[in-house]
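Structure first, commentary second.
The values are calculated or read from the model by the stated rules, or taken from the named source; none is laboratory data. For clarity, every value in this text was computed on a predicted model and none was experimentally measured. Cβ placement follows ideal geometry from the backbone for every residue including glycine, while neighbour counts extend to all protein chains displayed. These area figures cover heavy atoms from the full protein model, side chains too; ligands, DNA and RNA do not enter into them. Shrake-Rupley method; radii C 1.70, N 1.55, O 1.52, S 1.80 Å.
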Amino acid sequence: MPADLTSSPQWKALAEHFAEIRNVHLRELFAEDPQRGETFTASAAGLFLDYSKNRITSKTMPLLIDLARAAGLEERIEAMFTGQKINVTEDRAVLHTALRAPQGASVVVDGENVIPDVHAVLDKMAAFCQQVRSGQWKGHRGKPIRNVVNIGIGGSDLGPVMAYEALRHFSQRELSFRFVSNVDATDFAEATEGLDPDETLFIVASKTFTTIETMTNAGTARQWLLRAVDGDTAAIAKHFVALSTNAEKVSEFGIDTANMFEFWDWVGGRYSMDSAIGLSTMLAIGPDRFREMLDGFHEMDQHFRTADWDQNLPVLMALLTVWYANFFEVETTAVLPYEQYLKRFPAYLQQLTMESNGKYVTVDGQEVDYATGLIYWGEPGTNGQHSFYQLIHQGTRLIPCDFIAFARSLNPIGDHQDILIANVLAQSEALAFGKTADEVRAEGTAEALVPHRVFQGNRPSNTLFGEQLSPAMLGKLVALYEHSVFVQSVIWQIDAFDQWGVELGKVLAKNIIPELQADQPLQHDSSTNSLIRYYRQRRQAGG
Ligand code: G6Q
């Protein structure tokens with residue numbers, strides 16, 4: 001691995017190449033090479049990636065691949081898959097790939113093969129889900145479960161919410177699913193509004209079982225249930241289950257560890273939707289479809305591990321991200337699914353990408369002198385076209401886009417799908433090629449309006465196409481981005497699997513809570529002190 005990335009020969013070669021092509025327009029690149037739309041593509045695991053509308057020539061990807069090789073990508077991939085402790089700041093293995101490995105595989109951590117444990121938990125989850133879904137599992141007063149409320153935050157929420165929305169089509173519609181994450185009581189109040197406690201199951205999802213938001217919401221849920229059953233704590237066993245690594249805290253809370261579904265410290269929160277944290281997903285779609293999702297993840301894992309890098313979807317997407325972040329100095333990227341079921345996918349990706357690669361020091365603690373993680377954002381198309389796309393088309397910033405689309409709708413009605421797909425294709429075309437002043441004039445536009453109606457184009461995008469959204473397809477898509485994030489981190493030499501940045505605010509909030517609740521001397525900065533006083537004076541109505 002180069003000690004200093006930006007002075008490595010591979011980086012310098014890229015900088016020189018960038019100087020040559022920075023002003024070259026996609027119009028020229030397409031005109032020069034009529035095969036471009038076929039050459040710059042790759043397919044794997046039922047996903048087709050068209051990356052031809054990127055600002056690259058035939059030299060670019062080989063140079064980026066050289067950079068990845070020099071950064072030790074090959075060894076890092078193997079280190080991850082084989083359970084080495086690549087999360088160095090937490091001294092942990094990073095094994096989300098083991099969560100979807102087939103029975104019979106072997107991944108050894110601290111001398112032990114973890115795969116049998118993974119499958120034992122999956123079996124326990126499946127047995128539980130079958131009981132709940134069939135109505136065999138009864139609440140405390142004998143009613144079957146109709147409502148499932150997942151309480152969790154961050155990695156213990158975003159994956160489950162996203163997956164539930166994405167796979168709603170495959171869900172058991174008699175069961176309703178709600179998600180509580182925010183410590184703002186409104187979240188709990190609205191999520192439980194109208195629910196019958198006798199028919200409600202709470203899933204407390206927390207790797208550590210110490211997260212203040214989740215523990216506060218879980219405590220409130222317990223009171224909500226106990227109020228309905230005249231304080232009979234025996235009801236908890238029928239209405240609460242836990243997803244955690246911390247059995248001690250789970251039983252301290254009052255949940256029988258027989259109702260706990262375990263995972264392990266080598267599963268990072270934002271990489272946990274395919275662990276026990278996915279219990280709500282399995283309840284919704286059933287164990288067989290959950291297995292299909294895991295198989296989709298695994299297929300992409302295998303592709304990532306074995307395919308040549310010039311045909312490797314996660315590697316290609318990661319290298320393009322590095323290209324834009326470090327050479328074009330792009331700051332954000334938009335993820336634009338043309339699939340309504342993926343409406344929470346951009347929010348999910350925000351955590352995956354930004355918590356993983358929002359780091360300013362390398363694995364060995366050196367401050368970097370290059371940009372790392374991009375800002376991810378997005379909304380489903382076509383909605384975004386009628387709001388923020390304006391800035392992508394005609395603003396002053398370069399925003400590479402990932403368009404995601406499927407050939408077949410899960411709800412084929414009339415010609416909706418053709419209209420939807422025409423839009424996604426039209427957007428990437430418009431972004432790449434734009435509209436010149438001559439073209440605008442030729443339409444008879446008044447001269448004063450010409451500049452307003454010119455589209456400069458040369459705005460890059462990837463298009464990811466699949467046949468149809470399914471549990472397996474979702475697994476492939478998530479794994480694709482997980483591995484892309486990892487490849488980026490290897491090049492940037494950062495630890496993609498820790499999240500120290502989340503800590504400071506948590507500690508400070510704990511200190512402030514008692515200061516809000518009782519009058520006591522304040523020793524913060526003058527701004528924080530005065531905000532605390534403002535709140536204290538107003539926290540009670542009429543106070
Ligand atoms: C994810 C982060 C973070 C975490 C939440 C919830 O990678 O670590 O988002 O998932 O803070 O943590 P618990 O699951 O421990 O409650």
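Details
- The range 34-83 - Debye-derived log10 I(q)/I(0), Cα point model, q = 0.13, 0.15 Å⁻¹: -0.46, -0.59
- Prolate/oblate/rounded call for the range 349-488, Cα gyration tensor, a/c under 1.5 rounded: oblate
- Computed from backbone phi with θ = phi - 60° and the Karplus coefficients 6.51, -1.76 and 1.60, the 3J(HN,Hα) list for the range 55-62 is 7, 9, 10, 5, 7, 5, 5, x Hz; x is used for glycine and proline.
- Charges were assigned to the Cβ only: +1 to each Lys and Arg, -1 to each Asp and Glu. The resulting dipole of the range 354-506 about its Cα centre is roughly 300 debye.
- For the range 189-288, GluC sites (Glu not before Pro) meeting the loop criterion (DSSP other than H, G, I, E, B) and having at most 13 other Cβ atoms within 10 Å: Glu193.
- Helix 9-21 axis, angle to the chain major axis (alpha carbon atoms, nearest 10°): 60
- Going by accessible surface with a 1.4 Å probe and the largest first, Tyr481, Tyr535 read Tyr535, Tyr481.
- Across the range 78-148, Cα-Cα distances exceeding 16 Å account for 60% of all pairs.
- Whole-Å semi-axes of the ellipsoid equivalent to the chain (Cα gyration tensor, √5λ, descending): 42, 27, 27
- Applying the criteria of a DSSP loop state and at most 11 other Cβ atoms within 10 Å to the trypsin sites (Lys or Arg not before Pro) of the range 1-98 yields Arg22.
- Cα shape, the range 108-160, gyration tensor, a/c 1.5 rule: oblate
- The range 315-320 - phi-based ³J(HN,Hα) in whole Hz, Karplus 6.51/-1.76/1.60, Gly and Pro as x: 5, 4, 5, 5, 5, 5
- Remark on the range 325-402: ratio of C-alpha radius of gyration to 2.2 N^0.38 Å is 1.25.
- Cα pair distances exceeding 28 angstrom across the range 17-162, given as percent: 54
- Residue (of Gln131, Gly194, Ser8) at the positive-pole extreme of the chain, dipole from beta-carbon charges: Gly194
- Alpha-carbon centroids, the range 42-86 and the range 104-160: separation in whole Å: 34
- Note on the range 363-435: Cα-Cα pairs beyond 21 Å make up 42% of the total pair count.
- Extent along the principal axes, Cα only, for the range 201-325: 64, 34, 22 Å, with the longest axis given first.
- Gln130-Thr306 pseudo-label distance in nm [points 7 Å out on the Cα-to-Cβ vector]: 3.1
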